[in-house]
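Structure first, then comments.
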Amino acid sequence: MAPYAFAAVGLGFVFFFTHLILRKMQNKKDFVWNRQPFTYRKLPLAQKRILETYPFYLKLSKKYKKEFEHRMAAFIKDKDFKHRYEPQVSDAQIVYTTAVAIQLSFGRANYLYSMINTVLFFEQAFQSPTNEAMHKGEYNPRAKVLAMSWEDFLKGMVIDNDNLHLGLHEFMHVMHFESKHSTDVDSVRFHKYEQKILRHIMKPEVRERLDRTKYFRAYAFTNEYEFLSVLTEYFFESPADFKAGFPVLFEYFKTALLFKDEWIFEV
């Protein structure tokens, strides 16, 4: 074997073991080292103009804006966007739903939501095929479809101080489900902190404060999926109040998403 071949094999082993070491450190120290090194994807001009009206994107630094747009372009290419009763979807529907998905996953290396293939829009609340109830949003993991009422999605975006945001709520359902069925670093970390959150709220003093303050709306306590989705809405719409009232819970959730303070607090 030629000397350069030995060198190539040696480098291969070095990269392999370095990757294993970094992955182990990620799981132990809760950080991400393998965010994409290059941000080269761009949105079409019409979609970029819509993105430039999205508040979360506007407060990012130039570096993070490029990364946000790159991730959005990759997500849009990866998914099918459909309307239940119309022949096509609008750029606004594509851009705003994608922006919400990327906002929620912005701290992660994995941001494509591999357990969604299709985003399906309804004009208003719709009847669920599973239980015939009226839903504003529904995730079907078997079909890999996320369905949402466009009317209620927009309402969640426009009213940004009521801790109700359909898009964030539904995409958290997907992220939560993925954390239970994937073994990537992001899913492992999320699952670890979900367990910390659930153990924390079962402490008598925390439970008493939750009951006394009624800070989180009652729907949060339906089950663990709804609890994490409601926390998501509060985390993004009233982070200062959330942190002041339940600082440990806030930090657990922030670490689960690997979010930076500069992305959520007004500077």
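The values are calculated or read from the model by the stated rules, or taken from the named source; none is laboratory data. Every value quoted in this text rests on a predicted model; they were computed, and no experiment measured them. All Cβ positions, even for glycine, are placed from backbone atoms using ideal geometry, and neighbour counts span all protein chains on display. Just so you know, the surface numbers come from the protein's heavy atoms only, side chains and all, with ligands and any DNA or RNA stripped out. Shrake-Rupley method; radii C 1.70, N 1.55, O 1.52, S 1.80 Å.
Run down the lysines and flag those whose C-alpha is under 28 Å from the C-alpha of residue 65, throwing out any fewer than 8 positions away in its chain.
Partners within reach: 29, 42, 48, 77, 79, 82, 155, 243, 254, 260.
Averaged per residue, what accessible surface does the chain expose to a 1.4 Å probe, in Å²? Could you put the intermediate results ahead of the total?
Numbers: 14220 Å² over 267 residues.
Here the per-residue accessible area is 53 Å².
Would you work out what percent of the accessible area of region 21-170, with all protein chains in place, is carbon or sulfur (probe 1.4 Å)? Don't skip to the end; give the middle numbers.
Values: 4200 of 8040 Å².
Summing carbon and sulfur atoms, their accessible area is 52 percent of the total for region 21-170.
At 0.36 nm per residue, minus the direct Cα-Cα distance, what do residue 140 and residue 206 gain on full extension? Give it in nm, one decimal, please. Let's see the in-between values first.
Numbers: separation 66, 0.36 × 66 = 23.76 nm, distance 3.30 nm.
Fully extending the segment from residue 140 to residue 206 adds 20.5 nm.
Pick out the long, greasy-scoring helices in the chain: whole DSSP H runs spanning 30 Å or more along their own axis by Cα, mean Kyte-Doolittle at least 0.0. Before the final figure, lay out the partial values.
Details: long enough: 3-29 (38 Å, 0.55).
Passing helices, by number: 3-29.
Using a/c under 1.5 as the rounded threshold, could you call region 135-186 rounded, prolate or oblate? The axes a ≥ b ≥ c are square roots of the C-alpha gyration tensor eigenvalues, and prolate needs a/b larger than b/c, oblate otherwise. Intermediate results must be reported in sequence, preceding the final value.
Working: a/c = 3.76, a/b = 1.70, b/c = 2.21.
Since a/c reaches 1.5 but b/c is at least a/b, the shape of region 135-186 is classed as oblate.
On full extension of the chain, what length is gained from residue 217 through residue 162, given 0.36 nm per residue of separation minus the C-alpha to C-alpha distance?
So the extension gain works out to 18.7 nm.
Could you tell me which residue out of 39, 103, 75 lies farthest along the dipole of the chain toward its positive end? Charges go on the beta carbon: Lys and Arg +1, Asp and Glu -1, centred on the Cα centre.
Toward the positive end, the furthest listed residue is 39.
Set the Förster distance to 22 Å, then compute FRET efficiency between residue 66 and residue 91 from the Cβ-Cβ distance, nearest 0.05. Before the final figure, lay out each step's value.
Numbers: r = 20 Å, r/R0 = 0.92.
The value I calculate is 0.60.
Principal axes first, then extents: for the Cα atoms of region 164-267, list largest minus smallest coordinate on each axis, whole Å, largest first.
Principal axes ranked by extent give 37, 34, 24 Å for the Cα atoms.
Where nothing but the Cβ of Lys and Arg (+1) and of Asp and Glu (-1) is charged, how large is the charge dipole of region 184-267 around its Cα centre, in debye to the nearest 20?
On the way: 13 positive and 15 negative charges, 79 e Å.
It works out to roughly 380 debye.
Around residue 95, with a cut-off of 11 angstrom between Cβ atoms, what is the net charge of the other residues, counting Lys and Arg +1 and Asp and Glu -1?
Details: positive: 48, 49; negative: 52, 69, 91.
Net charge around residue 95: -1.
Which value at 222 nm does the chain reach when only helices count, each DSSP H run of 4 or more adding -39,500 (n - 2.57), with the total divided by all residues and rounded to the nearest 500 deg cm²/dmol? Write out the running numbers ahead of the final one.
Working: 13 runs with 157 residues, N = 267.
Rounded to the nearest 500, it is -18500 deg cm²/dmol.
Can you compute the FRET efficiency between residue 49 and residue 241 using 1/(1 + (r/R0)^6), with r the Cβ-Cβ distance and R0 = 30 Å? Round to the nearest 0.05.
Values: r = 33 Å, r/R0 = 1.10.
FRET efficiency, residue 49 to residue 241: 0.35.
Output the relative contact order of region 208-260, whole-number percent, from Cα pairs under 8 angstrom with separation of 6+ residues.
Values: 21 pairs, mean separation 8.7, N = 53.
Reported relative contact order: 16 percent.
Contact order normalised by length for the chain, with contacts defined as Cα pairs under 8 Å and 6 or more residues apart; what percent is it?
Normalised by residue count, the contact order of the chain is 16 percent.
Assigning unit charges at the beta carbon (Lys, Arg +1; Asp, Glu -1) and nothing else, what dipole magnitude in debye, to the nearest 20, does the chain show about its Cα centre? Walk me through the numbers before you get to the answer.
Working: 38 positive and 32 negative charges, 225 e Å.
Here the chain has a charge dipole of around 1080 debye.
Considering only 153, 38, 216, give the residue with the highest GNM mean-square fluctuation for the chain, with springs between Cα atoms whenever their separation is below 10 Å.
38
Pull out the extension gain between residue 182 and residue 42, defined as 0.36 nm times the separation in residues minus the alpha carbon to alpha carbon distance; nm, one decimal. Numbers along the way, then the final one.
Values: separation 140, 0.36 × 140 = 50.40 nm, distance 2.88 nm.
Value of the extension gain: 47.5 nm.
How far apart, in nanometres, would the label points at residue 125 and residue 78 be if each is projected 7 angstrom from Cα along the Cα-to-Cβ direction?
Output for this residue pair reads 3.2 nm.
Can you give the % of DSSP beta bridges in the chain that are antiparallel, to the nearest 5?
Numbers: 6 of 15 bridges.
That works out to approximately 40 percent antiparallel.
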